[in-house]
Amino acid sequence: MIKTVDIKSMSYEECRNLFASLGEPAYRADQVLEWLHGRQVTSYDEMTNLPGSLRRALAEASPLCAPEVLAVQSSAEGTTKYLIGLADGNAVETVLMEHDYGLSLCVSSQVGCAMGCAFCASGLGGLVRNLTCGEMVDQILAVSLDIATGSQDRRVGSVVMMGSGEPLANYDNVLKFVRLINWKRGYGIGYRRITISTCGIVPGIHRLAEEGLPVTLSVSLHAPDDSTRSSLMKINEVYPIGQLIDACTDYADSTGRRVTYEYCLIGGVNDSKAHAESLASLVRGTLCHVNIIPLNPVEETGFVRPSREAIDAFASTLRFAGIETTIRREMGADIDAACGQLRRRWGRGEGERASDKRRGKG
Ligand code: SAH
């Protein structure tokens, strides 16, 4: 008799240990994980190279079900937001974005968020709980099943941990998820195509640097000085800018990977020429680039987006100072799927299912 387990939350090694403990050959782990993450099946019956007795035992020990998609909403420019139901009645959003380099999925790591950044919608209700690895897998699984039904072979090619939650506050589950989706016979997403975004949890950045994985580190900087940053982000009181930049430099040094500094541009708060100049001096000489995110206004916060001219002027000042700078293309603002706008707008138990709610799918 197998003890109850959550097979979608198991690492490759844990799965091998499980089958070893059952007296099954180690290759059973490869078979099962390939079915789950490579072929994305949602029942053991489909795992035709497993003996029936083993399939039945697994179904009892770790029942499988397809992820529950509560709602799907598509925006004009090719962004699709999925609301995924969790077994305990919570729900999280995951957002699929079409880029010229392929499909990228924005994955949530927590229900809600404890970080309380002043401009962000995800933290408005505080943290509810961490997601398990399996619940993160279910986000990519739900989307993969949805997009595979079309005529072309469409697959998620990159993953950004920029949905709701702070990934480094759910470190172990996030790292397990990252390794699992990298597994060659599963989703096979290269580490360089996986981005972990953090509000600046310094010990987590140092820990990540030691993993030896070339994942992209994205840091939500949003201000070049401690007083502005502390007014926007509570985490800055714990890990001020000096420590944060040191941790990022350590990350770049140990991984050889360029760090992305996200800079959410907020009208009249952090968007002056002086802010741009002090940002340039702060990061100059480090392996990095700056990605400007024009604020997506969240009603409750009262912050406004700067004008197009102000955004361009900020970028020009940075570029003139020799800092590589991009301005994030806006995606999904019309469906509240853009950064910081992910919110649990749908309650569960309304009697509506995905099929009732799907709309505007192209
Ligand atoms: N907790 C992680 C990842 C989630 S947020 C982090 O802080 O990095 C993804 C990005 O969107 C972060 O850079 C975040 O600061 C930014 N963001 C949050 N609210 C925003 C808003 N209203 N407009 C623009 N960007 C926002």
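Accessible surface calculations at 1.4 Å, restricted to protein heavy atoms, place the chain at 42 Å² per residue.
In the calculated pair-distance distribution of the stretch 43-198, the portion above 29 angstrom amounts to 19 percent of the Cα-Cα pairs.
Computed over all pairs of different Cα atoms, the Kirkwood value for the hydrodynamic radius of the stretch 96-139 is 12.0 Å. Using C-alpha pairs under 8 Å with a sequence gap of at least 6, the mean separation divided by the residue count of the stretch 7-61 gives a relative contact order of 23 percent. For Phe314, Phe303, the ranking by accessible surface with the largest value first comes to Phe303, Phe314, using a 1.4 Å probe. Computed in the context of the full set of protein chains, the accessible area of the chain at 1.4 Å probe radius has 49% of its extent on carbon or sulfur.
Computed as a quarter of the hull surface, the mean projected area of the alpha carbon convex hull for the stretch 7-61 stands at 3.4 nm². The value of relative contact order for the chain, using C-alpha pairs under 8 Å at least six residues apart, is 17 percent. Highest mean packing first, where packing is the average number of other Cβ atoms within 10 Å per residue, the peptides 32-39, 252-259 line up as 32-39, 252-259.
The slack between Ala61 and Ala76, meaning 0.36 nm per residue of separation minus the straight C-alpha distance, is 1.1 nm. The convex hull built on the alpha-carbon positions of the stretch 83-169 has an orientation-averaged projected area of 6.3 nm².
Taken over the stretch 47-98, the convex hull of the Cα atoms encloses 100 Å³ per residue.
For an R0 of 51 angstrom, estimate the FRET efficiency from the Cβ-Cβ distance between Ala313 and Thr42 and round to the nearest 0.05. Efficiency at R0 = 51 Å is approximately 0.50. From most to least packed by mean Cβ count within 10 Å, the peptides 188-195, 202-209 give 202-209, 188-195. In the distance distribution for the chain, Cα-Cα pairs more than 33 Å apart total 31 percent. In this simple spin-label approximation, Thr286 and Arg192 carry label points 7 Å from Cα along the Cα→Cβ vector, and these lie 2.3 nm apart.
Cα centroids of the stretch 229-243 and the stretch 263-281: 16 Å apart.
Mind giving me the nanometre distance, one decimal, between the label points for Glu299 and Ser254, set 7 Å out from Cα along Cα→Cβ? Spacing of the two 7 Å Cα→Cβ label points: 4.4 nm. Note on Cys65: accessible area is roughly 90 Å² with a 1.4 Å probe, heavy atoms of protein only.
The values are calculated or read from the model by the stated rules, or taken from the named source; none is laboratory data. All figures in this text were calculated on a predicted structure; none of them were measured in a lab. Cβ sites come from the backbone with ideal geometry, for glycine too, and all protein chains shown count toward neighbours. Accessible surface is based on the protein model in full, side chains and every heavy atom, while ligands, DNA and RNA are left aside. Shrake-Rupley method; radii C 1.70, N 1.55, O 1.52, S 1.80 Å.
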